[in-house]
1. Could you say which residue among 73, 88, 104 is at positive phi and modelled with pLDDT of 95 or more?
2. Could you list, in sequence order, the residues of segment 58-79 that are open to solvent by 40 Å² or more (accessible area, probe 1.4 Å) and closer than 19 Å to residue 91 by Cβ?
3. Condition (residue is more than 17 Å from residue 92 (Cβ to Cβ), touching a strand residue (DSSP E or B) at 6+ places or on another chain (Cβ under 8 Å), polar (S, T, N, Q) and not in a loop (DSSP other than H, G, I, E, B)) applied to segment 6-24: is it met by at least one residue?
4. Among (1) of a type in the set (Phe, Trp, Tyr); (2) closer than 23 Å to residue 99 by Cβ; (3) over 15 Å from the mean Cα position of the chain (by Cα), which single condition is residue 75 missing?
5. If you check every pair at least six apart or on different chains, which have Cβ atoms under 9 Å apart with a residue in segment 1-16 that is at pLDDT 95 or above first and a residue that is open to solvent by 100 Å² or more (accessible area, probe 1.4 Å) second?
6. Checking residue 15 against (1) open to solvent by less than 30 Å² (accessible area, probe 1.4 Å); (2) on the phi > 0 side of the Ramachandran plot, only one condition comes out false. Which one?
7. Counting only residues that are surrounded by 14 or more Cβ atoms within 10 Å (Cβ to Cβ) and out of contact with any strand residue (DSSP E or B) (no Cβ under 7 Å at 6 or more places or on another chain), how many does segment 26-57 have?
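The values are calculated or read from the model by the stated rules, or taken from the named source; none is laboratory data. Owing to the predicted nature of the structure, the values given are computational and were not obtained by experimental measurement. No Cβ is skipped: glycine too gets one built from the backbone with ideal geometry, and neighbour counts run over all protein chains shown. Areas reflect the complete protein model, heavy atoms only, side chains present, ligands, DNA and RNA absent. Shrake-Rupley method; radii C 1.70, N 1.55, O 1.52, S 1.80 Å.
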Amino acid sequence: ASARVKVGDVVKIRIVNDRDAFHAMQHPLHIHGQRFLVLTIDDVPNENLVWKDTAIVPVGSTVQYLVDMSNPGNWMLNCQIPEHMGSGMSITFTVDPAPSGDQGS
C-alpha cells in the first residue's frame, strides 16, 4: 500500500492487531522519518503523550497514532521484526515538500 501527504499534515493512523491472525503476537511498529504520539490504546486515552518513532501494538489491540508529517521524502511504516517486514507487514508513503514560499502550514 502507498499513501501521499504534504509536509505539515497531521495524520491519524488506526492500527488493529487482530487476535485471530495467524501467529498473533505484539508488533513493534516503526514509522521512518516522522514522529508520532500514541493517542489511544483500545479507545483508552494515553496520558503519557511523548514523541516516538516506534511503539508496541499489543496483540488483540487497536492503537491510534497521531503522526506529524514534517520530513519530506519516501518513507515506510513497518513492523521491526525482520521476518514480518519481509512477509509484507509494511506500507510506504510519500511526504511531499511544501511549495516554495510555504512554511509548511
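1. Details: 88 fails: modelled with pLDDT of 95 or more; 104 fails: modelled with pLDDT of 95 or more.
Only one candidate passes the filter, namely 73.
2. Within segment 58-79, 66, 70, 71, 72, 74, 75, 76 qualify.
3. no
4. Result: residue 75 passes all but (3).
5. 8/103; 8/105
6. Going through the list (1) open to solvent by less than 30 Å² (accessible area, probe 1.4 Å); (2) on the phi > 0 side of the Ramachandran plot, residue 15 breaks only (2).
7. Result for segment 26-57: 0.
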